[in-house]
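Please treat every number below as a calculation from the coordinates, not as lab data. Since we're looking at a predicted model, the values are computed, not measured. Reconstructed Cβ throughout: ideal geometry from the backbone, glycine too, with neighbour counts over all protein chains shown.
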Amino acid sequence: MTVSKDLVIPGDFVGYAEEYLSGYGTYDNEGKLYSLITGIVNQNDDEREISIKPIIETPPEIKKDDVVYGRVADLRNNFLVVNLSKVSSSSDREIVRADRGILHISNIKRGYVNQVSDEFNHNDIIKAKVVDKDTVTLSTEDENLGVIIAKCQNCKTRMDVVNGKLHCPQCKRTETKKVSSDYGIGAI
Ligand code: ZN
């Protein structure tokens, strides 16, 4: 049987990988399952699978200047790959497929960036703007763009923003990132 549970947003914890398979709309990060999209948690105890039912079923077209949410899936020398989960523009539309966007080092912020890993970590949830819809090229230059949810690299606690820097309430570490001014609230 399937139990429908809470409404979740990207980055929310939904279950443990040792108990459930990572189904549609979820991802596995070191044994914990998190939601990739906004939707309702479906817990299937027969299949031992947790999936997310998107709130809106129709996949939208990505347009230039759309604001999108996604999870950092891969970091390379000069760019990072983002699994997109939500389009935010005039209406609140969802991407139900996990489309991929590319964020080049030159589009991260104004000024020089030495390497992308100085500004983002794997599995950070970010808010970005589409600058080219055909290649799904993203930018996080604007003040309200960048990391909106980050977990501590050391202890996996969700980090807070203190004086513009990410701060771990658990182990007191600080990370300097391209943090969005919407940190912690941007995914809703
Ligand atoms: Zn920590």
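Observations, loosely collected:
- For the chain, the relative contact order comes to 16 percent (Cα pairs under 8 Å, sequence separation of at least 6).
- FRET efficiency, GLU47 to ASP74 (Cβ-Cβ, R0 30 Å, nearest 0.05): 0.60
- Overall, the chain carries a charge dipole of about 620 debye about its Cα centre when +1 sits on the Cβ of Lys and Arg and -1 on the Cβ of Asp and Glu, all other atoms neutral.
- Cross-link pairs exceeding 21 Å between alpha carbons, from the set LYS53/LYS178; LYS133/LYS178; LYS32/LYS156; LYS129/LYS172; LYS151/LYS178: LYS53/LYS178; LYS133/LYS178; LYS129/LYS172.
- Nearest-0.05 FRET efficiency for SER181 and LEU21, computed from C-beta distance (R0 30 Å): 0.25
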